Structures are given as C-alpha cells and as structure tokens.
Amino acid sequence: MTSWLFPAVPLGRLAVFRTVTYLFVVLDVLWLHTSGWYHGYADPVWYQPLIVGEVLHLPAATVVLVNVLKWGTVAAALVAAAGRLPRLTGALVAAGWIWYQYVAFAYGKVDHDRGDFVIALLLLPTVGSAWWGDRRRSEAAGFVLRCVQVVAIATYFLSAWAKVRFGGWDWVNSATMVRAVVRRGTPWMRWLLDVPWLLHATQWGLFIAEMTSPVIFFVPERIRRWIVYGWFAFHAMTYASISIAFWPHLVMMLAFLPLEEYAASLRGSWGAWRTRGSPRAGGRGSRPPTDRSRPQAG
C-alpha cells in the first residue's frame, strides 16, 4: 500500500502538471468562475457561512477582500506557474483561490467539480523545485499525483452514489436527460428529444461508468490512458449537448497521464519545425547555398 500511495514518478511530470494547474487558476479566476468577485458587492445579509467559514470564522465578503483575493491569487499563480518559489507561491495560491471559491459558494450553490482541484492546490506546495524535463524521481511528487487521482475518481463514484441516494433509481429510469436537454440543450442536440430511448440508455451508461470508475487503478498503464481519453470524450460530448463542463476536474484528470512524455514530444515537434524553417537547414524561406569553389567572373 505504501508503494502504491508513494510511487516514484519523474519530477518533470509534476512540473508540467503544476504549470497547467496554476495557469488554469488564472483562467478560472479571470474568466470561468468570477462570481466570487461580484459577491463582494452583495449585501452581507445574503452571506451564509459554510462549514469551513464557521470553523475559521470567515467574515462576509467585501469589495476590498475580493479584489485582494482575485488579483493576489492571479499574481501568485503566474509566479508559481513559472516554477519560482514553488512552496511559498503555491501556498499563497491555495489560500487565495480556496477563499475566493468560498466567497462564491457562500452566497449560492456549491459546485462539486472542484474538490480534487482543492486537494491539488493544498499538496503541490509540499514538493519543492521541479522543472520540465526533470528526470529525477520523487515519491513526494508521486504522492501528490496519487491523491489527486483518488479524489478525481471519487468525484465520479460518489456522484453515482449520490444519484441513487437522493434521487433513487428514478434517476436512471426517468426522464433525467430529457429534462437536461430541454433546459440546457444546444441547438444541434435537440434531435435527441426525438430519441428518448437513447437518452435513457445514456443515463444507465453514465451511472455504470461512474460506479465502475475505480477500476482505473487496477488496469495496465496503456489501458488507463485510454480510460482517461474516454472520460475526456464523454465530457466533450456533455458540453456539446447541454453546455456543462467540469473544467477544474478535467485538469485534474491529467494526473493519470505521463505528461513529461507529451511535453518532450511537443518540444521535439517544435524543434523539428524550427529546424525545417531555418535557413541553415534549407527549409522554407532559406536561400540557396552559394558555390564559392568557382572563380568569380570579372
């Protein structure tokens, strides 16, 4: 169990994962999930502390607070994405982003697609220096990625459990997907309303896939990659049909993949492209070589 929980993985894999995670923080705060900012302008009477707010005695949001959290988190995330001061900047990002999300959720519903992202932000600062292409192996890096993997899969499994716990078996046997398409369906997916049996089958397929999601930990590496690709395809179809995407969770699913191999492949492709376009390589835009062995006329 110890060797499974603390696998020695290349630090380069964690470095890529860390860069992508912190860049997503910037994207999330500025464009994707911005309700934390305008809740600073809300009347405090609407503030309902969540459990963490009650334990830590967090105050209601103010304009000053949300702006400090917003821009402080963005600044720290940009530094952390560059690999500078990973422990300090990582801790600042974790505190700022989680508090910013708390402000968003203390005035409305709590999204369930951010649990694994919280775990990642809390654990990434425990690993020190790491850079792209770093081949050193680290059990600390493996522990971070393994914890993210466990919580990411728990998101699927517990989602299926919640479906039957709160909705009963009617969740998979009723018109759940029909209602989703009616409420949020995109124009090119409206035809699904004319094929209700397909939506019904989709409900059962989703439920079975979520309930069996832990099998990903018991299959070979090659199959594990294809399972992750399958989940990405599923989320792509979900977004195309009902405009719902679990962006933070999708970033966390990258913890299952050998990111250092993909990064090396991209660097190789980029280097080959630059070489082909270089004048020295005779690529596009290069000048023909001059034959200096012949005597010059005149």
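The values are calculated or read from the model by the stated rules, or taken from the named source; none is laboratory data. This is a predicted model, so every value here is computed, not measured. Reconstructed Cβ throughout: ideal geometry from the backbone, glycine too, with neighbour counts over all protein chains shown.
At-a-glance table
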| quantity | calculated |
| --- | --- |
| Filter result for residue 171 (over 19 Å from residue 249 (Cα atoms), not basic (Lys, Arg) and not in a loop (DSSP other than H, G, I, E, B)) | yes |
| Among (1) touching an Asp or Glu at 6+ places or on another chain (Cβ under 8 Å); (2) within 18 Å of residue 27 (Cβ to Cβ), the one test that residue 105 misses | (2) |
| In the stretch 108-139, residue surrounded by the fewest Cβ atoms within 10 Å (Cβ to Cβ) [restricted to those that are among the small types (Gly, Ala, Ser) and either touching a Leu at 6+ places or on another chain (Cβ under 7 Å) or at pLDDT below 95 (or both)] | 108 |
| Contacts under 9 angstrom Cβ, first residue in the stretch 62-87 being in contact (Cβ under 8 Å) with a residue 60 or more places away in the chain, partner surrounded by 15 or more Cβ atoms within 10 Å (Cβ to Cβ) and not in a helix (DSSP H, G or I), 6 or more apart | 83/130; 83/132; 86/127; 86/130 |
| Condition check for residue 72: surrounded by fewer than 19 Cβ atoms within 10 Å (Cβ to Cβ) and either assigned to a helix (DSSP H, G or I) or not polar (S, T, N, Q) (or both) | yes |
| Criterion violated by residue 250 - all others in (1) of a type in the set (A, V, I, L, M); (2) over 15 Å from the mean Cα position of the chain (by Cα); (3) surrounded by 15 or more Cβ atoms within 10 Å (Cβ to Cβ) satisfied | (2) |
| Residue ID - surrounded by the most Cβ atoms within 10 Å (Cβ to Cβ), chosen from residues in the stretch 39-61 that are touching a residue at least 12 places away in the same chain (Cβ under 8 Å) and not in a loop (DSSP other than H, G, I, E, B) | 39 |
| Residues that are more than 21 Å from the chain's Cα centre (by Cα), aromatic (Phe, Trp, Tyr) and at pLDDT below 95, drawn from the stretch 1-36 | 4 |
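For (1) on the phi > 0 side of the Ramachandran plot; (2) in a helix (DSSP H, G or I); (3) in contact with a Ser or Thr (Cβ under 8 Å, 6 or more places away or on another chain), each residue gets a yes or a no:
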position: 78; (1), (2), (3): no, yes, no
position: 97; (1), (2), (3): no, yes, yes
position: 112; (1), (2), (3): no, no, yes
position: 119; (1), (2), (3): no, yes, no
position: 123; (1), (2), (3): no, yes, no
position: 129; (1), (2), (3): no, no, no
position: 148; (1), (2), (3): no, yes, no
position: 155; (1), (2), (3): no, yes, no
position: 178; (1), (2), (3): no, yes, no
